[in-house]
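This report refers to the structure that appears directly beneath it.
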Amino acid sequence: METPQKLEHLTGEPTTTDLKLPPLKIGEMVVDPPILQAPMAGFTNYAFRQIVRGYGGAGLLATEMVNARGFHWLDEHEAEFPDRLWGVEDEARPLAVQIWDNQPDVMAKVGRRLVEEFQVSVVDINFGCPVKQVTEKAHSGSYLLREPERMGQIISRLVEACAPTPVTAKIRLGCSENTINANEIARVVEESGAAALTVHGRVAEQYFKGQADWDRISEIKSYLKKIPLIGNGDLDSAEKVFRAFRDYNVDGVMIARACLGRPWLFAQAAAAIQGRPIPPEPTLNEQRDCMLEHYKLVVERFGEAKGTLLMRKFACCYAQAKPGARHFRKHVANVATKEEFFEVVDKHFPCDVPSEPVAS
Ligand SMILES: Cc1cc2nc3c(=O)[nH]c(=O)nc-3n(C[C@H](O)[C@H](O)[C@H](O)COP(=O)(O)O)c2cc1C
């Protein structure tokens, strides 16, 4: 058997050519460019999404996953919206809100609410979360991959409740290496009326270990007759996004971890697939300014104490893989006030070396 080719090992320049991709359509909505920002719990909140929008290049953005049952309970008790819906009402579109649960009725009620009241562009269902609180405790997320019939019920109820707003599904390849069933699931997803399928090329028990299997993602394409396939996993450069489109037969791609400290990656990836020069990485000073803008948005919402605490992890993402990142991480892990945050950034965030004055 041939060893599956992984994105890491692909070669074959050039990696910036106009691929002349057909438009990615999710229902009636055109996602242009066909590059999606992944939902990431704890990260893809309103502040982060504004930063991503600022750089451009992402055709569709997504919220963090929202617990549908929790939302429904809050609603029935006339409590506030979940924090994860921060900004959703007023934010630019397109925007997908991702929800999870295993009860078709609860999902349908919440979906309807998101469509009617929030007018979201897409309602996405999480069938990929491997976290025990979601799988073992709530029999949701990737747990449902072992119950295709139930998945179908959830999707069709939600599709009916949200029409004409599209409903999409995000899955993994299966629960475990021995129970890979993404091909079968793909059929169920399509037949139940979903408007697109996103596949993270790992099984749930892998969490984030190993490499995403893009051969398996690609294989799923032949099981879909009408709806687009969006591939996800390990896309951390414009070149890899280019290769994913060129070599793996996907209609769209979704970027997750790599965009956390590099929200400009979408613009770079979009340029690569459209045959334009890939914009360079922002200078370190520009990256620092981007992080400070992010900090401002977070503090505006959560206040100084909670905002600063929350920003520690984002700040680490921005510093990641840069000279001095470890040192910065160590210091930023203890900041509690605005003053401390700015001081640590001033002293320790990786910065551009001032160029030597040119001798005349
Ligand atoms: C911190 C974190 C939070 C995540 N939260 C979600 C989530 O809320 N919903 C979801 O469908 N996937 C979630 N994921 C999975 C990502 O969307 C994506 O499928 C996965 O990270 C693989 O893509 P990548 O290799 O580009 O990171 C999360 C991943 C990370 C790292």
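The values are calculated or read from the model by the stated rules, or taken from the named source; none is laboratory data. None of the values given here were measured: they were computed from a predicted structure. Don't worry about glycine lacking a Cβ; one is built from the backbone with ideal geometry, like all the others, and counts go over all protein chains shown.
For the stretch 139-169, the set of residues classified as within 13 Å of the ligand (Cβ to nearest atom) and either in a loop (DSSP other than H, G, I, E, B) or not assigned by TED's automatic domain parsing to the domain that holds Met254 (or both) consists of Ser140 only. I'm checking my understanding of the structure. Among residues of the stretch 86-104 that are touching a helix residue (DSSP H, G or I) at 6+ places or on another chain (Cβ under 8 Å) and farther than 15 Å from Val167 by Cα, which one is farthest from the ligand (Cβ to nearest atom)? So the residue we want is Ala92. Does Leu265 satisfy the criteria of being out of contact with any strand residue (DSSP E or B) (no Cβ under 7 Å at 6 or more places or on another chain), modelled with pLDDT of 95 or more and of a type in the set (A, V, I, L, M)? Answer is no for this residue. Is it fair to say Val120 is away from the ligand (no atom under 13 Å from the Cβ) and touching a helix residue (DSSP H, G or I) at 6+ places or on another chain (Cβ under 8 Å)? Considered against the rule, which asks whether it is away from the ligand (no atom under 13 Å from the Cβ) and touching a helix residue (DSSP H, G or I) at 6+ places or on another chain (Cβ under 8 Å), Val120 comes out as yes. Only a single item in (1) within 15 Å of the ligand (Cβ to nearest atom); (2) under 21 Å from the mean Cα position of the chain (by Cα) is not met by Met29, and it is number (1).
Considering the stretch 221-253 alone, what residues qualify as being buried (at least 21 other Cβ atoms within 10 Å of the Cβ), aliphatic (A, V, I, L, M) and touching a strand residue (DSSP E or B) at 6+ places or on another chain (Cβ under 8 Å)? Across the stretch 221-253, the qualifying residues are Ile227, Leu229, Ile230, Leu235, Val241, Ala244, Val250, Val253.
For every residue, the table says whether it meets (1) surrounded by 20 or more Cβ atoms within 10 Å (Cβ to Cβ); (2) under 29 Å from Gly87 (Cα atoms); (3) touching a residue at least 60 places away in the same chain (Cβ under 8 Å); (4) in the same structural domain as Pro39 (by TED's automatic domain parsing).
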| position | (1), (2), (3), (4) |
| --- | --- |
| Phe266 | yes, yes, yes, yes |
| Cys290 | no, yes, yes, no |
| Lys296 | no, yes, no, no |
| Glu304 | no, yes, no, no |
| Gly307 | no, yes, no, no |
| His331 | no, no, no, no |
| Asn334 | no, yes, no, no |
| Glu340 | no, yes, no, no |
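In the stretch 39-50, what residues are in a loop (DSSP other than H, G, I, E, B) and either crowded, with 22+ Cβ neighbours inside 10 Å or in contact with a Gly (Cβ under 6 Å, 6 or more places away or on another chain) (or both)? Of everything in the stretch 39-50, those that are in a loop (DSSP other than H, G, I, E, B) and either crowded, with 22+ Cβ neighbours inside 10 Å or in contact with a Gly (Cβ under 6 Å, 6 or more places away or on another chain) (or both) turn out to be Pro39, Thr44, Asn45.
Look at the stretch 194-218: where a residue is farther than 22 Å from Thr168 by Cβ and assigned by TED's automatic domain parsing to the domain that holds Asp236 and a partner is within 11 Å of the ligand (Cβ to nearest atom) and charged (D, E, K, R), sitting 6+ places away or on another chain with Cβ atoms under 9 Å, you get Gln206/Arg172; Lys209/Arg202; Gly210/Arg202; Gln211/Arg202; Gln211/Asp234. Quick one: is Gly252 in contact (Cβ under 8 Å) with a residue 40 or more places away in the chain and among the small types (Gly, Ala, Ser)? It is true that Gly252 is in contact (Cβ under 8 Å) with a residue 40 or more places away in the chain and among the small types (Gly, Ala, Ser).
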